[in-house]
Amino acid sequence: MLKTRIITAIVLLAVLLPVLYWGNPIAFAAIVTVFFGAAIWEGFRLFNPGSTRALLISLAWSAAFCYAFFLADPARSLFWFAISALIWLLRFVPALKIGLPPFASSGNTMLSLTYAIAIVSCFAAIVVLFRHSPLFLLSVMALVWIADIGAYCAGKAFGKRKLAPMISPGKSWEGAIGGGVAVLLLATLSVLAGGSATWFADTFAVHVQQRLGWAALFAILIVITAASVVGDLFESQLKRRAGVKDSSKLLPGHGGVLDRIDALIPVLPLAALIDTWL
């Protein structure tokens, strides 16, 4: 399994990094649309197990996404980022406590549509953050990856109090706090290095600190870390209800696309919203 995970990760990096830095807008649009379609396909299957319409739904949403954010004027992206923040705050966070509606219900249909909108917002944020710069996009993603790695290490070492035992028994409060501490420490180092190392100058943490100061940076990083945990937990809740371990098997050793981006879905629109304000 580990060998398969490593090979898949290498292949993904070999495809994604050149696309990010190649400067070819068509290649970037194609990759983003493919991953978007895969995420919609997986999401529809989690909400509608056994449905035969998942592929058709995915193709329709992919065509609409490609037109809206690559062929038409994406000036309304700010709307998607704001609506994403409201969706997570008012609907998905409470769902972690109150649970999910039954499959065969109007509530499930509405929740499915709402999650699809959250996925649209995430990929719209990818487009906008990339247009800022590839490094800026990667720096936001890195915050989520650092939080995940820090949470895993801290949870293994100190985890005792379960964060959400009915949703994801392996996660602990100690792990979540450890992930947040890791994000704060490494973001602080990147800001301190940003003054002398140009490689760090165009990163999310440096931009926020320069415009808003240290206190605002730490507050935003804590919110981002919390959002990444919520995104992870919500997708775990969807999988638990559907009775599956992974959102799909599209990425050997890693599961599906949603399994790789679940924590990014609430974070990227939030970061894009903050960047727009800055």
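The values are calculated or read from the model by the stated rules, or taken from the named source; none is laboratory data. What you are looking at is a predicted structure, and each value in this text was computed from that prediction instead of being measured. Don't worry about glycine lacking a Cβ; one is built from the backbone with ideal geometry, like all the others, and counts go over all protein chains shown.
Here are the numbers for this structure:
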quantity: Test: residue in the stretch 235-256 that is free of Cβ contacts under 8 Å to residues at least 60 places away in the same chain and farther than 23 Å from VAL120 by Cα; calculated: yes
quantity: Helices (runs of 4 or more DSSP H) completely within the stretch 67-155 that count 1 or more residues being at pLDDT below 95 and acidic (Asp, Glu); calculated: none
quantity: Answer residue from the stretch 213-258, given it is touching a helix residue (DSSP H, G or I) at 6+ places or on another chain (Cβ under 7 Å) and of a type in the set (Asp, Glu) and is nearest to GLU174 (Cα to Cα) among those; calculated: GLU235
quantity: Filter pass, VAL183 being β-branched (Val, Ile, Thr), touching a residue at least 12 places away in the same chain (Cβ under 8 Å) and not in a loop (DSSP other than H, G, I, E, B); calculated: yes
quantity: Residue match in the stretch 159-172 (condition: surrounded by fewer than 20 Cβ atoms within 10 Å (Cβ to Cβ), assigned to a helix (DSSP H, G or I) and among the hydrophobic types (A, V, I, L, M, F, W, C)); calculated: no
quantity: Matching residues, the stretch 33-83, being under 24 Å from LEU16 (Cβ atoms) and of a type in the set (S, T, N, Q); calculated: THR33, SER58, SER62, SER77
quantity: Check on PHE218, in a helix (DSSP H, G or I), surrounded by fewer than 20 Cβ atoms within 10 Å (Cβ to Cβ) and aromatic (Phe, Trp, Tyr); calculated: yes
quantity: Any chance PHE158 is free of Cβ contacts under 8 Å to residues at least 24 places away in the same chain, farther than 26 Å from ILE57 by Cβ and in contact with a Ser or Thr (Cβ under 9 Å, 6 or more places away or on another chain); calculated: yes
